[in-house]
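The values are calculated or read from the model by the stated rules, or taken from the named source; none is laboratory data. As the structure is a computational prediction, the values presented were derived from the model and not from experiment. Heads up, the Cβs are rebuilt from the backbone with ideal geometry, glycines too, and the neighbour counts pull from every protein chain shown. Heads up: the accessible areas ignore ligands, DNA and RNA and are worked out on the full protein's heavy atoms, side chains in. Shrake-Rupley method; radii C 1.70, N 1.55, O 1.52, S 1.80 Å.
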Amino acid sequence: MWLKILPDREFVENANVRDADVYERAASKPLEFWSEAAERLHWFRGWKEVLDSSRAPFYRWFTEGEINISYNCIDRHLGERSSKPALLWEGEDGSRRVLSYSELHREVCITADMLRGLGVERGDRVVLYMGMVPELPVSMLACARIGAVHSVVFGGFSPRALADRIQDAEPKVVVTQDGAFRRGKVVPLKQNLDEALEHAGGSVERVVVLERAGNEVEMKEHRDLTWREARRHCTAKVEAVPLDSEHPLFILYTSGTTGKPKGVLHVHGGYNVGVHLTASWVFDLKEEDVYWCTADIGWITGHSYVVYGPLSNGASVLMYEGAPDYPSPERWWEIIERYGVTVFYTAPTAIRFFMKLGGEPAKRHNLSSLRLLGSVGEPINPKAWLWYYEAVGGRRCPVVDTWWQTETGMVMITTLPGVDAMKPGCAGRPFPGVKAMVVDESMKPATRGELVITTPWPAMLRTLWRNEERYLKTYFRGEVYVTGDGARVDEEGDFWILGRVDDVLNVSGHRLGTAELESALVSHPSVAEAAVVGREHEVKGQAIVAFVVLRDGIKPSEELIQELRAHVAREISPIARPDEVYFVSRLPKTRSGKIMRRVMRAIEQGAEIGDLSTLEDVSAVEEVRRAG
Ligand code: WTA
């Protein structure tokens, strides 16, 4: 048996959802369930059909309805919540700002007018390459307001990674900052952008530069404007335009099994319904909550649960600009105490980091305002779960372990905090209205195998940007959505997520494709071939281990190892820096020349290697084993 923990009685009594019946009601009439959920939002025009499956798996939700997510996140709250804080922001340097809902409205309108003034029209893309500043959600909502499509690129990405995304999304305008603060240093965002635009600037007409760090930047005439200049003379009266439910809201790039990132496309209607309902039910949002999700907005968690989910519920959302341990590991706990944070959502890697420090920083602060904790991004091991529950939550706060993906848009598997018992290490069951299953290779139900979602849900991705074929190939077997994650179902129908089954690593909650990492390695002049695998890591979940074959005549050395690690960090992002680099003379390959990743993974994980009959040269396996 597993350890089972019941949510605190007082919590249950006040929870938004208390009745276990919701699961059954939703399962018996899913479309009615989602239709009721949609009614919680403002629609300019009602929908005809809840779900149109005629072009499955290109599903359409709330057909012919008209909506605008920016209206639902802002305008809808303007009466009674005008002066309520929408965003509470703390900079890494200690600066603070609060934007009430009416101030957020004003900022978003001015920015929307700015974008229009720069020629952005409905359907045009705008890339946002920024750090965690209020102007980022403001810019996202401004795009949404006028029907433009935003694509946020994580501020930690390199010029090269940024260039790839710009080339694919073809934005008319890019909004960036002079620099972003990170651990007291300045990340030169504008300079990175300039470098990216040299390679991929074709579509970009204007660049807007927010002055945040005060570092020097070069401004290109006729192209670049400061945020202040660009918004001068702009009006604060811009209506949210009614948009078709299926109108694109954003493209967010995520790693897949090839070197080219995938542009996951989400739309206004179904996405709004999904993130709105899950934010309310999973995080139990109440009028007086101070809600903090620590994710960077450059990732899906930030899109759905810093910006769109909580704001469409009229919540007060805390945003912190910097690193969790800057200037010291007290920082997060200080923030929780200072703002009286009530709902806290973070990643296992951060939890394990603080647990390793012995929990001292957390103990020195009064965390009694907390009433609910959440975890996302990777499996949380029971030990870390229990530490989180006890040391941070004081055994009072339910912990929701939420499983979902960039592609799913919204939380898919979790416990409902006022309904379900918690099992540390187990995500729980599918959210009402979601149908998940574990299958074996022949797609038959199994207790251990691959996690699939068998029916569509409103916040699902609609396609991959300009790549319908890859959408079909990557995600669907028939009409069943395959997640790429392994899972186990227990006798009570609860799901234990086991991690990726494809060539994607999860490093500190960040998705990285092994193919991307390998192509960065082979772009170095000394490298002939490379294979990357994950290794279990105490804090990061997975560490990146690279096996490298050098070009003829190049000598292995410690300097070269450091150089290759730095090279990958530069090519992709510091989060992609390999933990270990091993030199080998060859890699295990099939007779047709494909690297046998399964074998390399098995060696790394100390597991059975299995069938080697297709291997070309068995001694390569020995070599990898010795090297690692
Ligand atoms: C993993 C982040 C176990 C999983 C929202 C998934 C998790 C990938 C959990 C998606 C969880 C996310 N338990 N694993 N609670 N949440 N994952 O697209 O492997 O950045 O496929 O979305 O993270 O990562 P993504």
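Would you check if Gly79 is on the phi > 0 side of the Ramachandran plot, of a type in the set (Gly, Ala, Ser) and open to solvent by 10 Å² or more (accessible area, probe 1.4 Å)? Here the answer is no, as Gly79 does not meet what is asked. I'd like the full set of residues that are under 15 Å from Ser573 (Cβ atoms) and open to solvent by 10 Å² or more (accessible area, probe 1.4 Å), limited to region 508-526. Ser508, Gly509, His510, Arg511, Glu516, Ser519, Ser523 - these are the residues of region 508-526 that are under 15 Å from Ser573 (Cβ atoms) and open to solvent by 10 Å² or more (accessible area, probe 1.4 Å). Of all residues in region 336-390, how many are among the aliphatic types (A, V, I, L, M), open to solvent by less than 10 Å² (accessible area, probe 1.4 Å), in contact with a helix residue (DSSP H, G or I) (Cβ under 8 Å, 6 or more places away or on another chain) and away from the ligand (no atom under 15 Å from the Cβ)? Adding up the residues that qualify gives 4. Within region 497-520, the residues that satisfy the criterion of being free of Cβ contacts under 8 Å to residues at least 60 places away in the same chain and either more than 14 Å from the ligand (Cβ to nearest atom) or closer than 16 Å to His537 by Cα (or both) are Arg500, Leu505, Ala520.
Flag: His247 matches the condition of being touching a His at 6+ places or on another chain (Cβ under 7 Å) and surrounded by fewer than 21 Cβ atoms within 10 Å (Cβ to Cβ). Against the list (1) over 18 Å from the mean Cα position of the chain (by Cα); (2) modelled with pLDDT under 95; (3) aliphatic (A, V, I, L, M), the condition Ala421 fails is (2). Just checking, does region 406-414 include any residue being touching a Ser or Thr at 6+ places or on another chain (Cβ under 9 Å), open to solvent by 10 Å² or more (accessible area, probe 1.4 Å), within 11 Å of the ligand (Cβ to nearest atom) and assigned by TED's automatic domain parsing to the domain that holds Gly298? Within region 406-414, one or more residues are touching a Ser or Thr at 6+ places or on another chain (Cβ under 9 Å), open to solvent by 10 Å² or more (accessible area, probe 1.4 Å), within 11 Å of the ligand (Cβ to nearest atom) and assigned by TED's automatic domain parsing to the domain that holds Gly298. Scanning region 116-161 for residues that are open to solvent by 10 Å² or more (accessible area, probe 1.4 Å), under 20 Å from Ala295 (Cβ atoms) and part of a helix (DSSP H, G or I) gives a single hit, Glu135. Considering the conditions (1) within 16 Å of the ligand (Cβ to nearest atom); (2) within 23 Å of Leu31 (Cα to Cα); (3) part of a loop (DSSP other than H, G, I, E, B); (4) open to solvent by 10 Å² or more (accessible area, probe 1.4 Å), Val419 is excluded by exactly one of them, (1). Note on region 306-315: among residues that are open to solvent by less than 10 Å² (accessible area, probe 1.4 Å) and more than 16 Å from the ligand (Cβ to nearest atom), the one that is farthest from Gly269 (Cα to Cα) is Ala315. For region 424-450, a residue qualifies if it is part of a loop (DSSP other than H, G, I, E, B), out of contact with any Pro (no Cβ under 7 Å at 6 or more places or on another chain) and away from the ligand (no atom under 13 Å from the Cβ), and the qualifying residues are Pro432, Val434, Lys435, Asp440, Glu441, Ser442, Met443, Lys444, Ala446, Thr447.
Here is a yes/no grid of residues against (1) under 30 Å from Ser375 (Cα atoms); (2) in contact with a Leu (Cβ under 8 Å, 6 or more places away or on another chain):
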residue: Lys220; (1), (2): no, no
residue: Val241; (1), (2): no, no
residue: Pro248; (1), (2): yes, yes
residue: Ser255; (1), (2): yes, yes
residue: His266; (1), (2): yes, yes
residue: Gly269; (1), (2): yes, no
residue: Thr278; (1), (2): yes, no
residue: Val282; (1), (2): yes, yes
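Count of region 285-305 residues, restricted to those that are within 19 Å of Ile413 (Cα to Cα) and either within 12 Å of the ligand (Cβ to nearest atom) or buried (at least 24 other Cβ atoms within 10 Å of the Cβ) (or both), is 9.
Being open to solvent by less than 70 Å² (accessible area, probe 1.4 Å), assigned by TED's automatic domain parsing to the domain that holds Tyr481 and within 30 Å of Asp420 (Cβ to Cβ) is a property that Trp61 has.
Looking across region 339-390, just one residue is charged (D, E, K, R) and within 15 Å of Thr414 (Cα to Cα), and that is Glu378. The number of residues in region 460-487 that are closer than 17 Å to Tyr253 by Cα, within 12 Å of the ligand (Cβ to nearest atom) and aliphatic (A, V, I, L, M) comes to 1. Scanning region 190-210 for residues that are open to solvent by 50 Å² or more (accessible area, probe 1.4 Å) and in contact with a strand residue (DSSP E or B) (Cβ under 7 Å, 6 or more places away or on another chain) yields a count of 2. Looking for something more than 16 Å from the ligand (Cβ to nearest atom) and of a type in the set (Val, Ile, Thr) - is there at least one such residue anywhere in region 393-402? The answer is no; no qualifying residue exists. Number of residues in region 211-244 that are of a type outside the set (D, E, K, R), in contact (Cβ under 8 Å) with a residue 24 or more places away in the chain and exposed (fewer than 12 other Cβ atoms within 10 Å of the Cβ) equals 1. One residue stands out among those in region 29-45 that are open to solvent by 90 Å² or more (accessible area, probe 1.4 Å) and free of Cβ contacts under 8 Å to residues at least 60 places away in the same chain: the one that is farthest from Arg76 (Cα to Cα), which is Lys29. Please work out if Arg626 is surrounded by fewer than 13 Cβ atoms within 10 Å (Cβ to Cβ), charged (D, E, K, R) and more than 23 Å from Thr349 (Cβ to Cβ). Yes; evaluated as a whole, the condition is true for this residue. Just a yes or no: is a residue in region 438-459 touching a residue at least 24 places away in the same chain (Cβ under 8 Å), in contact with a Leu (Cβ under 6 Å, 6 or more places away or on another chain) and surrounded by fewer than 20 Cβ atoms within 10 Å (Cβ to Cβ)? No: zero hits.
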